[in-house]
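Colleague: Got a structure for you, questions after.
None of the figures in this text is laboratory data; all of them are computed from the coordinates on show. All values reported here derive from a predicted model rather than from experimental measurement. Counting neighbours? That spans all protein chains shown, and the Cβs are built from the backbone with ideal geometry, glycine included.
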Amino acid sequence: MTLAELVYAAWMVIRFCTVDQKRIQAQRAALEENAGTILLCAICITQKLLREFDQWKNSQWIQIFDVDIKCLNTSEISFLQRVDYKVWMDKDSFISTINSMLGEQELEKDLGFELRRIKDFRRENEQQKQDNQIKSDQINSSQKLEGK
């Protein structure tokens, strides 16, 4: 599971749990009993949304978690109904969720490191392009001189 999929699944669980606060408070015990199923549904739906290829089928999940296929399918439908089928995460929600998961300072540190890596890679790539262009120009110049 990728970091993006983990963040997405966490966001889906948060959405599921915050749809109707009053109803959730009344059903807290039921939610605690079904926390594993809720998380499994969030992961299944996340992978179906984010993976075009290499997504796991429900039949694979039931073997791992020893869950009845009808139960998982019904739970998945209930999950989607509970979140009103609103499963697409916007950029702000993604950032907010990952901030909650990692803490803003940790995220800034990690992103800062990644951004520095990207900048270094781009700088090296640009330098390589320039070096290649210089070599190409030198070869062209020597070929022209040899041709005269």
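Colleague: Expected output is a single nm value to one decimal: the length gained when fully extending between LYS57 and ASN34, i.e. 0.36 nm times separation in residues minus the C-alpha distance. What is it?
Modeller: Gain on stretching LYS57 to ASN34: 6.2 nm.
Colleague: At a Förster distance of 35 Å, what's the computed FRET efficiency of THR74 paired with LYS129, Cβ-Cβ distance as r, to 0.05?
Modeller: Rounded to the nearest 0.05, the efficiency is 0.05.
Colleague: Grab the Cα-Cα distance for ASP66 and LYS48, subtract it from 0.36 nm times how many residues apart they are, and report the gain in nm with one decimal.
Modeller: 4.5 nm
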